[in-house]
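Enquirer: For reference, the structure I am asking about is given below.
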Amino acid sequence: MYDLMKGDCLELMKQIPDESVDLFVSSPPYNIGKPYEKRSSANDYLLWHKQIVIQAERVLRDGGAIAWQVGNYIEKGSVFPIDCMVFGQFTDLGLRPRNRIIWTFGHGLHCSKRYSGRHETILLFTKGDKYLFNLDAVRVPQKFPGKRHYKGPKKGQLSGNPLGKNPGDVWDISNVKNNHPEKTPHPCQFPEAIAERLILSLSNEGDVVIDPFMGSGTTGVACVNTGRNFIGVEMDAGYFKIARDRIGDTVSVPKELMQ
């Protein structure tokens, strides 16, 4: 199932039944005046954001998760980390914080009056204490894969898991800029590698994943690649077409079925 909807995510999410979604993977606008957003006061932005979070909690099933990738809100040269500004909106609804993941990347805008920003964050919440985490699906190579215990009862045995190690909460993944192979005209596109890692660890095949800020469709492409169902919402007609084309090309179905 790949359900792509064009329109305001707040209004369209109200049409989704309670507790019908397994996972949110999304990156909301940062209120910094990008072409796809209307800049507003910080207070108005937070009020709007809170309404999105309320709907997200409503449609998320018990045991489901929300992975919310955000950066900074910048006003008159002052930098405000959005994850700190919105954290309480999730916990006030009873969602349980599990991780604050740091996504680092090697290049971006160069600043002259402060250190150049080279990271953003992913807030990870679950609905309830019984939740899914598929660690084996996202393990990365051990630093010393052949290392063995040199003494004690495990002497001679591998000291690390042969499947790899936990990737940790600092992810060094290139951002999608310039000549990146995934690049589309969307100005704030996050990498498929981030979406796939979150989807593989926090859902099973056949689960329903939603991105209420679909943008260029990265989360949808990752869902197709990993065998998940996908609901995507995007209000910009141009970005919606990009997402529809990317997801349609990935699953090789007639584009008229992706309207």
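Enquirer: Being of a type in the set (D, E) and either surrounded by 13 or more Cβ atoms within 10 Å (Cβ to Cβ) or under 28 Å from G227 (Cβ atoms) (or both) narrows it down to one of E19, E11, so name that one. Break it down into steps so the answer makes sense when it comes.
Expert: Values: E11 fails: either surrounded by 13 or more Cβ atoms within 10 Å (Cβ to Cβ) or under 28 Å from G227 (Cβ atoms) (or both).
E19 is the lone residue from the list that is of a type in the set (D, E) and either surrounded by 13 or more Cβ atoms within 10 Å (Cβ to Cβ) or under 28 Å from G227 (Cβ atoms) (or both).
Enquirer: Could you list, in sequence order, all residues of the stretch 130-147 that are part of a loop (DSSP other than H, G, I, E, B) and either in contact with a Phe, Trp or Tyr (Cβ under 7 Å, 6 or more places away or on another chain) or modelled with pLDDT of 95 or more (or both)?
Expert: Looking only at the stretch 130-147, we keep the residues that are part of a loop (DSSP other than H, G, I, E, B), and these are 130-134, 139, 141-147.
Within the stretch 130-147, K130, Y131, L132, F133, N134, R139 meet the criteria.
Enquirer: Scanning for something over 22 Å from L200 (Cβ atoms) and in contact with a helix residue (DSSP H, G or I) (Cβ under 6 Å, 6 or more places away or on another chain), does the stretch 93-100 turn up at least one residue? Break it down stepwise before answering.
Expert: Taking the stretch 93-100 and keeping what is over 22 Å from L200 (Cβ atoms), we get 93-94.
Checking which are in contact with a helix residue (DSSP H, G or I) (Cβ under 6 Å, 6 or more places away or on another chain) leaves us with 93.
Yes, some residue in the stretch 93-100 is over 22 Å from L200 (Cβ atoms) and in contact with a helix residue (DSSP H, G or I) (Cβ under 6 Å, 6 or more places away or on another chain).
Enquirer: Of everything in the stretch 148-162 that's loosely packed, with under 12 Cβ neighbours inside 10 Å and of a type outside the set (S, T, N, Q), which residue is modelled with the lowest pLDDT?
Expert: Keep residues of the stretch 148-162 that are loosely packed, with under 12 Cβ neighbours inside 10 Å, which gives 150-157, 162.
Filter once more, so that each one left must be of a type outside the set (S, T, N, Q): 150-156, 162.
Details: Y150: 84, K151: 84, G152: 85, P153: 90, K154: 84, K155: 85, G156: 80, P162: 88.
Top of the filtered list is G156.
Enquirer: Which residue is nearest to D22 (Cα to Cα), if the candidates are limited to the stretch 188-221 and must be polar (S, T, N, Q) and without any contact (Cβ under 8 Å) to a residue 60 or more places away in the chain? Lay out the reasoning, then the answer.
Expert: From the stretch 188-221, those polar (S, T, N, Q) are 189, 201, 203-204, 216, 218-219; that's our starting set.
Those left that are additionally without any contact (Cβ under 8 Å) to a residue 60 or more places away in the chain: 189, 216, 218.
On the way: Q189: 23, S216: 21, T218: 18 Å.
In this case the residue turns out to be T218.
Enquirer: Any residue at all in the stretch 208-230 that's closer than 22 Å to H107 by Cβ, modelled with pLDDT under 60 and either outside any strand (DSSP E or B) or not aromatic (F, W, Y) (or both)?
Expert: Just the residues of the stretch 208-230 that are closer than 22 Å to H107 by Cβ, to begin with: 215-216, 218.
Add one more test, that the residue is modelled with pLDDT under 60, and what stays is none.
Looking through the stretch 208-230, none of the residues is closer than 22 Å to H107 by Cβ, modelled with pLDDT under 60 and either outside any strand (DSSP E or B) or not aromatic (F, W, Y) (or both).
Enquirer: I need the full set of residues from the stretch 3-23 which are part of a loop (DSSP other than H, G, I, E, B) and of a type outside the set (A, V, I, L, M, F, W, C), in order please. Spell out how you get there, then give the answer.
Expert: Step one: of the stretch 3-23, the residues part of a loop (DSSP other than H, G, I, E, B) are 7-8, 14-20.
Across the stretch 3-23, the qualifying residues are G7, D8, K14, Q15, P17, D18, E19, S20.
Enquirer: Moving on to the next point. Quick test of your reading of the structure: P29 fulfils all but one of (1) part of a loop (DSSP other than H, G, I, E, B); (2) surrounded by fewer than 15 Cβ atoms within 10 Å (Cβ to Cβ). Name the failing condition by number.
Expert: For P29, the failing item is (2).
Enquirer: Let me ask another. Considering the stretch 139-179 alone, what residues qualify as being under 24 Å from T104 (Cβ atoms) and touching a His at 6+ places or on another chain (Cβ under 9 Å)?
Expert: Correct list: V170, S174, N175, V176, K177, N178.
Enquirer: OK, next. Do you know which of the residues in the stretch 163-200 that are crowded, with 19+ Cβ neighbours inside 10 Å and of a type in the set (V, I, T) is modelled with the lowest pLDDT?
Expert: Checking each candidate, the answer is V176.
The values are calculated or read from the model by the stated rules, or taken from the named source; none is laboratory data. Computed from a predicted model, the values in this text were never measured in an experiment. Reconstructed Cβ throughout: ideal geometry from the backbone, glycine too, with neighbour counts over all protein chains shown.
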